[in-house]
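What follows is one structure encoded as structure tokens, with my remarks underneath.
Read the figures in this text as sums done on the coordinates, not as results from a lab. What you see is a predicted model, and the numbers here were worked out from it, not measured in a lab. Because the Cβ atoms are built from the backbone with ideal geometry, glycine has one as well, and the counts that use them run over all protein chains shown.
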């Protein structure tokens, strides 16, 4: 009972958007999302799945629920709390993706007729957990191939999703909500709840949320407990420190004039000196460009502010190296000071205009490397099962041999079929950068071997397409059987003729021998 009351009193759920007009920000992303949905009303589009990616709390799941409601689609969701192995995904999402809803002719309370579509939603698709979700990624890829229903994947980190799934999906990125867009929403909620909140207090709550709508609403609810009026001082008393975002801190590092402001901004960040130096390193050449205000190249081609900035960062990196080697974390303060104050100190002039800050490319590479390591481990599992070897031996010794053997296309097809490698695994083993035509050719040819090894599947849900495929397969099987019978009949006939010929030859020899014996008798 208490949990039901808690859910009813949860403002984030109570004020969850019901229509597209209620959604905040990301107008372009939502427009692309709606266009994709409208393609389903005309038939099955080229991209049968869509990936909504972006930070938590910015409206991805809300947009999915609104889309399903607006389009009259049934909404089926699998989240991280559910086990998402290949069997589970095939049983739930797979079955749902090839059948139409039973309520396709019903009319909702708005008088809108159901289209008979199902929106199959896989939340936290970038968070499939190893053995717990074993085979989940491949199952998702297979479901996308077979689906006759729209599929939606929701992810915080798109690089946590395999390249095979991404290549089959439309990627739509959701951005964090701007502070000025959050304030009107918080004001409306506070008015509905009968709480008078000052403009400065709302602004503080919105800034503290860092673009997370859900966090902002939760903070407003927390500070409103037992109060009818809230001022800016109440936000401070609530104990929630206002933290600088990394982007605001970088503005003070690259464009500020007071060292104390930059140091104070960095202190409130939830970033280690190792992370901070990566941010500064990535943005230093962007914020200190090699062109002057008129767009002309600087003499020598290199901005001295960039060179001097990197000289300071190299000294900060020395301190970080000592921390890593000797675990002397007191040196973090020196590294942090040089990283923060260094670019400001060596800057010879102010750089006007806003240039967008970029996140460290190293993080992107690390995310991709993690995906590659997971891929290698999946391959090792299949190889170890086939050769009865340990994961370590399969990963470190057998996989390199496979990669060498698969330089030959015939070997590649045979090995891929015998081990049932998917497209991503073939990209890795064939040392390709993406699913090229060669990789696709090897994959398609290997399916004949893989399908022959796989036990026959029982199809519980039949569609016109599946029945057509089944009839065609049965016809092919019957045709093949008749051909075999005819072939065996001809072979049997040939054997009979051969035996008859042998008998005739044997009789001729007997008669000739008899004649010879008679002739000899007459002679004597």
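The table for this structure:
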quantity: Contact order relative to length of the stretch 363-453, as percent, for alpha carbon pairs under 8 angstrom and 6 or more apart; calculated: 26 percent
quantity: Simple label model, 7 Å out from Cα along Cβ direction - residue 181 to residue 46, nm; calculated: 2.8 nm
quantity: Distance in nm between pseudo-label sites at residue 324 and residue 20 (7 Å out along the Cβ direction from Cα); calculated: 4.9 nm
quantity: Likely footprinting exposure, 219, 10, fewest C-beta neighbours within 10 Å first; calculated: 10, 219
quantity: Nearest-0.05 FRET efficiency for residue 275 and residue 198, computed from C-beta distance (R0 56 Å); calculated: 0.95
quantity: Cβ-derived FRET efficiency at R0 45 Å, residue 411 paired with residue 248, nearest 0.05; calculated: 0.20
quantity: Order by protection proxy (mean Cβ within 10 Å, highest first), peptides 431-441, 140-150, 372-382; calculated: 140-150, 372-382, 431-441
quantity: Pairwise label distance in nanometres, residue 348 with residue 403, each label 7 Å out on the Cα-Cβ vector; calculated: 4.6 nm
quantity: Nearest-0.05 FRET efficiency for residue 502 and residue 387, computed from C-beta distance (R0 51 Å); calculated: 0.50
